[in-house]
Amino acid sequence: MTDAFNTLRVELGPRSYPIHIGPRLLGRGELLRSHIGGSQVMVVSNETVAPLYLEPLLRGLQGRRVDSVILPDGEQYKTLQTLEMVFDALMRHRHHRGTTLVALGGGVVGDLAGFAAACYQRGVGFIQAPTTLLAQVDSSVGGKTGVNHPLGKNMIGAFHQPRCVIADIRTLDTLDDRQLRAGLAEVIKYGLIDDPDFFDWLEANIDALLARDAAALAYAIRRSCTDKARIVAADEREAGSRALLNLGHTFGHAIETGVGYGSWLHGEAVATGMVLAAMLSSRMDWLAATECGRVERLLQRAGLPTAPPPELSAAHMLELMAVDKKVGEGGMRLVLLRGIGRALVTTEVEPAALDATLSGRPA
């Protein structure tokens with residue numbers, strides 16, 4: 001009997017694409033073939049994921065000329081130097097403009113492969129096959145691609161939408177607990193942005209998610225992708241409301257950059273960033289203290305850090321936040337909260353309140 005799966009769509013006119021969510025999808029060739037225009041395919045994966053899932057993916061790509069490039073695993077390898085490995089493989093195997101890249105892995109692989117697809121011969125097609133919870137609910141959807149720079153995370157990149165997303169939830173069976181918890185940070189983010197009912201559901205079901213209950217995970221992934229697809233469809237290139245998806249990220253990116261890429265997982269840094277955003281919102285009398293407490297408790301229950309690393313001073317955090325890509329001519333833009341499910345983008349941040357929040361001083 002064929003495993004059932006759900007399909008959502010990211011509605012972007014001629015760049016619209018499906019998100020398929022379900023078990024054992026990597027070998028489902030019919031989900032892939034309609035999104036591969038030519039005979040050439042380059043699979044981009046890493047040394048952790050490829051031994052587990054490259055073979056079933058290749059079975060689904062029979063009939064195409066498939067090459068692969070296996071990258072080192074880790075956020076510290078999300079660099080221009082690693083990107084060159086993808087270009088070298090494409091050139092060495094003489095891939096032409098009709099090729100399709102398939103990103104098989106987590107967020108680092110997806111961002112790298114997507115950026116390579118955006119650049120190679122001025123743009124070729126690519127497919128996302130995310131294998132981590134964080135990638136399935138966030139980074140594989142929406143077309144943000146790129147690499148890190150030593151001075152700032154994701155500062156070099158492009159918008160380049162995939163042709164489809166294949167989220168095989170069975171890949172989460174081999175995901176370690178730390179990576180699962182990191183993915184839950186991005187899931188919780190959707191409830192905080194504009195889906196308070198989902199936040200309530202997460203409070204009631206966080207233990208089931210941590211226990212890897214298949215039904216709970218499938219629901220959380222589907223709900224998260226639905227929320228993100230709606231926001232991306234309304235604002236593809238982050239001119240307005242899509243910036244809400246950056247809740248916790250300005251703080252989080254500063255943490256990742258400050259302690260060194262890979263020391264903290266992205267979701268761990270975002271979790272702490274969301275707590276800092278909630279605390280700043282409360283300090284500015286925008287968010288009730290009780291709701292700020294709910295945010296912190298849920299992230300703690302998810303096993304995520306809620307305080308920045310002690311080696312990062314408030315001054316250093318501010319310095320790193322000032323070079324974040326979300327800073328514009330009007331100054332630093334932060335996503336803060338007027339309530340659970342009521343996020344907003346603002347430059348109206350009280351400097352004293354921000355400094356006190358980063359310093360950990362009591363309100």
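The values are calculated or read from the model by the stated rules, or taken from the named source; none is laboratory data. Note that the structure is a prediction, hence the values are computed from the model and not measured. Don't worry about glycine lacking a Cβ; one is built from the backbone with ideal geometry, like all the others, and counts go over all protein chains shown.
Looking at this structure, is residue 180 buried (at least 23 other Cβ atoms within 10 Å of the Cβ) and not hydroxyl-bearing (Ser, Thr, Tyr)?
no
Can you list residue pairs whose Cβ atoms sit under 9 Å apart, with the first residue in the range 304-323 being within 25 Å of residue 180 (Cβ to Cβ) and the second being surrounded by 15 or more Cβ atoms within 10 Å (Cβ to Cβ) and polar (S, T, N, Q)? Count only pairs 6 or more apart in sequence or on different chains.
Between residues of the range 304-323 that are within 25 Å of residue 180 (Cβ to Cβ) and residues that are surrounded by 15 or more Cβ atoms within 10 Å (Cβ to Cβ) and polar (S, T, N, Q), the close pairs are 304/272; 305/272; 306/272; 307/272; 308/272; 309/272.
Under 9 Å between Cβ atoms, at least 6 apart or on separate chains: pull out the pairs that start in the range 335-363 with a residue that is in a helix (DSSP H, G or I) and end on any residue that is among the basic types (Lys, Arg).
Listed by first residue and then by second, the contacts come to 353/283; 354/283; 355/361; 356/283; 357/283.
Output the residues belonging to the range 118-177 that are surrounded by fewer than 23 Cβ atoms within 10 Å (Cβ to Cβ), of a type in the set (A, V, I, L, M) and within 24 Å of residue 90 (Cβ to Cβ).
Within the range 118-177, 118, 147, 155, 156, 158 qualify.
So which pairs qualify, if the first residue must be in the range 113-125 and over 14 Å from residue 85 (Cβ atoms), the second must be surrounded by fewer than 20 Cβ atoms within 10 Å (Cβ to Cβ) and among the aliphatic types (A, V, I, L, M), the Cβ gap must be under 6 Å, and the two must be at least 6 apart or on different chains?
Pairs that qualify, where the first residue is over 14 Å from residue 85 (Cβ atoms) and the partner is surrounded by fewer than 20 Cβ atoms within 10 Å (Cβ to Cβ) and among the aliphatic types (A, V, I, L, M), are 118/158.
For the range 10-36, which positions are among the small types (Gly, Ala, Ser) and closer than 13 Å to residue 56 by Cα? Before you say what the answer is, go through the steps one by one.
Going residue by residue through the range 10-36, those that are among the small types (Gly, Ala, Ser) are 13, 16, 22, 27, 29, 34.
Residues satisfying the conditions are 27, 29.
Would you confirm whether any residue within the range 207-220 is surrounded by fewer than 16 Cβ atoms within 10 Å (Cβ to Cβ), within 15 Å of the chain's Cα centre (by Cα), modelled with pLDDT of 95 or more and not in a helix (DSSP H, G or I)?
Within the range 207-220 (the criterion being surrounded by fewer than 16 Cβ atoms within 10 Å (Cβ to Cβ), within 15 Å of the chain's Cα centre (by Cα), modelled with pLDDT of 95 or more and not in a helix (DSSP H, G or I)), the answer is no, since none of the residues qualifies.
Yes/no matrix, rows are residues, columns are (1) in contact with a Gly (Cβ under 8 Å, 6 or more places away or on another chain); (2) of a type outside the set (A, V, I, L, M, F, W, C); (3) outside any helix (DSSP H, G or I):
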residue	(1), (2), (3)
252	yes, yes, no
255	yes, no, no
281	no, yes, no
295	no, no, no
299	no, no, no
318	no, no, no
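Is at least one residue of the range 286-309 of a type in the set (A, V, I, L, M, F, W, C), surrounded by 15 or more Cβ atoms within 10 Å (Cβ to Cβ) and within 26 Å of residue 78 (Cα to Cα)?
yes
Might you check whether a residue that is in the same structural domain as residue 337 (by TED's automatic domain parsing), under 30 Å from residue 362 (Cα atoms), surrounded by fewer than 19 Cβ atoms within 10 Å (Cβ to Cβ) and among the polar types (S, T, N, Q) occurs anywhere in the range 224-245?
Within the range 224-245, not a single residue is in the same structural domain as residue 337 (by TED's automatic domain parsing), under 30 Å from residue 362 (Cα atoms), surrounded by fewer than 19 Cβ atoms within 10 Å (Cβ to Cβ) and among the polar types (S, T, N, Q).
Counting only residues that are under 17 Å from residue 236 (Cα atoms) and acidic (Asp, Glu), how many does the range 130-189 have?
Residues meeting the conditions: 1.
What is the number of the single condition among (1) aliphatic (A, V, I, L, M); (2) assigned to a loop (DSSP other than H, G, I, E, B); (3) out of contact with any strand residue (DSSP E or B) (no Cβ under 8 Å at 6 or more places or on another chain) that residue 287 does not meet?
(3)
With (1) in a loop (DSSP other than H, G, I, E, B); (2) in contact with a helix residue (DSSP H, G or I) (Cβ under 6 Å, 6 or more places away or on another chain); (3) crowded, with 20+ Cβ neighbours inside 10 Å as the list, and residue 44 as the residue in question, which single condition is left unmet?
Failing condition for residue 44: (1).
How many of the residues making up the range 350-359 are under 17 Å from residue 248 (Cβ atoms) and surrounded by fewer than 17 Cβ atoms within 10 Å (Cβ to Cβ)?
0
Restricted to the range 41-82, and to residues that are of a type in the set (Lys, Arg) and touching a strand residue (DSSP E or B) at 6+ places or on another chain (Cβ under 8 Å), which residue is nearest to residue 157 (Cα to Cα)?
My answer is 78.
Only one of these is under 19 Å from the mean Cα position of the chain (by Cα) and at pLDDT 95 or above: 293, 273, 339. Name it.
273
When you scan the range 1-32, how many residues do you find that are in a helix (DSSP H, G or I) and on the phi < 0 side of the Ramachandran plot?
Applying the first criterion (in a helix (DSSP H, G or I)) to the range 1-32 yields 13-15, 29-32.
Of the ones still in play, those that are also on the phi < 0 side of the Ramachandran plot are 14-15, 29-32.
Selection size over the range 1-32: 6.
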